[in-house]
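What follows is a short report on a single structure.
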There are 2 protein chains.
Amino acid sequence: MPRGNCRGQGWWHGKFQGCGYRLTAGREAILDILSKSEGHLSAEDIYMKVHPKYPNVGLTTIYRTLDVLSNLGMVSKLDFGDRRARYELAEGPKGAHHHHHLVCTDCNKVVDYTDFIDDEVELLRETEKGLGAKYNFKITNHIIQFYGLCNKCSAKK
Amino acid sequence: MPRGNCRGQGWWHGKFQGCGYRLTAGREAILDILSKSEGHLSAEDIYMKVHPKYPNVGLTTIYRTLDVLSNLGMVSKLDFGDRRARYELAEGPKGAHHHHHLVCTDCNKVVDYTDFIDDEVELLRETEKGLGAKYNFKITNHIIQFYGLCNKCSAKK
DNA sequence: TTGTTAATGGAAACCATTTTCATTAAGGAG
DNA sequence: CTCCTTAATGAAAATGGTTTCCATTAACAA
Ligand SMILES: [Mn+2]
Ligand SMILES: [Mn+2]
Ligand SMILES: [Zn+2]
Ligand SMILES: [Zn+2]
C-alpha cells in the first residue's frame, strides 16, 4: 500500500537511476506539470504552475532541472524567437508524437503540426546521414520551423 | 565624375529608396562589412569591424540597422543557440545562394551546407503550401538546422 | 538653402538566464 | 535505521545581449 508522500512511481522514475541523478521533489513536480500541460511553457510559466503546490521550489531549480531533463532527452527546449526558451515533454513512454512547429511572427501563436511529417522525417534522416558522413558530424538533433502570419495577423495589416 | 565621399553606389542603393528609408553612412558601412565578410557575425562582431573605419557609428545603430535590413529581407538573422543573434547577407542581386546550417553543440562551429538543398527546398515548398492552406498561415520563412558534434568535439569525449 | 522628421549615439534600463555560496536532503554504506 | 558524502537547492547578486530614452544630428524633399 503506497504511503501518502510516496514518490518515484512515475514512468520517468527509472530514467534518473541509470544516470546518477537523484530523484527530487522539484524534478518530479516539473515533470508532473509538463505532462499535464498542453503547449510550450517558459521556465517562468512552469514556475507559476509548480509554485502553488510546491512553494519551496525556486525558479533557479526550474532552470537547472529543465537543463538536466533536456540533456537526458526527456524535454525539448524550443526557441520561437521571442527571446525566452520554451519547453515541452519530448516523448512519453507510449512512443512518438514527433512534430514540428509553425510560428506567427506577429502574435507568437504556435501550431504543432504533424502533416507531411513522414516525408519530412524521411528526408531529414537521409540528410542527416549524408551530412554526418561528409562533414564528420555526429548529428543528434534537428530543427524545422516555419514562420509567417496567422490569419488574424495577416488580416490586421 | 564621382566626388571623394560619394555614397549610394552600392547594389543596395535602390532597396532603400522605395521603402522610405534613408541611406546613411552607418547603413552602408554595415552592408559593406557584411558583403566583405564570410561567416555569421554577431552585432558586436560587426561593430568591431565597422568601428575602425567609422568610429562614430555606435552599437545601437548596428542593432537598429540590422533590424531594418532584416525586415527588408536583405539580411538573415540567425540563431545557433549561443545566446546571441548572428547575421549574414541574405542574397546579393546575383541570385540564390540558399543554404542551411549544421551546428556543433560543443564548440559552436557552424557549417553552411547546400547538399540535399534541392530536395529540401522542394519538400519545404510543398510543406509550406500545405501548411499555409490548412492552418491559414501566410508563410514567409523557414528554418532547418542540424545539431550535433563535430569530429574534434566528438573525439574529445 | 531650408524645414521636416528619420536616424543617431551614449547612457541607462531591461530581463531572461547564470553564478555564487551557504544550507539541505537523496540515497548508498554500514 | 543511522551516518555520511556530496548532489541538489534557494535566495540574492551578477551577467550580458538587446532595447529604450532623449537630446542632437543630418537625409533629402521642397
Ligand atoms: Mn510543440
Ligand atoms: Mn550561413
Ligand atoms: Zn498571429
Ligand atoms: Zn565542435
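By its C-alpha gyration tensor, with a ≥ b ≥ c as the square roots of the eigenvalues, how is chain A shaped: rounded for a/c under 1.5, else prolate for a/b larger than b/c, else oblate? Oblate shape, in that a/c is at least 1.5 and b/c is the bigger or equal ratio.
Among A:Lys77, A:Lys49, A:Lys129, the largest mean-square fluctuation in a Gaussian network model of chain A (Cα springs under 10 Å) belongs to A:Lys129. For B:Lys129, a cut-off of 24 angstrom between C-alpha atoms picks up these lysines, skipping any fewer than 8 places away in its own chain: A:Lys109, A:Lys152, A:Lys156, A:Lys157, B:Lys77, B:Lys138. A Gaussian network model of chain B, with springs between Cα atoms under 10 Å, assigns the largest mean-square fluctuation among B:Lys134, B:Lys15, B:Lys36 to B:Lys134. Comparing B:Val103, B:Val68, B:Val121 in a Gaussian network model of chain B where C-alpha atoms under 10 Å apart are linked, the largest mean-square fluctuation is found at B:Val121.
Positive-end ranking of B:Cys104, B:Tyr135, B:Ser70 along the dipole of chain B, with charges on Cβ about the Cα centre, is headed by B:Ser70. Other protein chain C-beta atoms within 10 Å of residue C-beta, averaged over B:117-128: 3. Helix A:25-36 and the longest principal axis of the C-alpha atoms of chain A enclose an angle of approximately 40°.
Across identical copies of the chain, B:Thr140 has label-point separations of 3.5 nm, listed in ascending order, with the point defined 7 angstrom from Cα along Cα→Cβ.
Inter-copy label distances at B:Lys36, shortest first and taken from points set 7 Å along Cα to Cβ: 6.0 nm. Which shape class, rounded, prolate or oblate, goes with the protein assembly as shown when its Cα gyration tensor gives a ≥ b ≥ c as root eigenvalues, a/c under 1.5 marks rounded, and past that a/b bigger than b/c marks prolate? In terms of gyration-tensor shape, prolate.
Annotation for A:Gly58, label-to-label distances across the other copies: 3.6 nm (shortest first, one decimal, point 7 Å from Cα along Cα→Cβ).
Run the helix sum for chain A: -39,500 (n - 2.57) per DSSP H stretch of 4+ residues, divided by residue count, reported at 222 nm to the nearest 500 deg cm²/dmol.
Values: 6 runs with 63 residues, N = 157.
Per the formula, -12000 deg cm²/dmol.
Taking all Cα pairs closer than 8 Å and separated by 6 or more residues, the relative contact order of region A:1-90 comes to 26 percent.
Every read-out reported here was derived from the displayed coordinates using simple, explicitly stated rules and does not represent laboratory data. Fair warning: this is a prediction, and the values are worked out from it, not measured in the lab. So basically every Cβ, Gly included, is an ideal-geometry build from the backbone, and we count neighbours across all protein chains shown.
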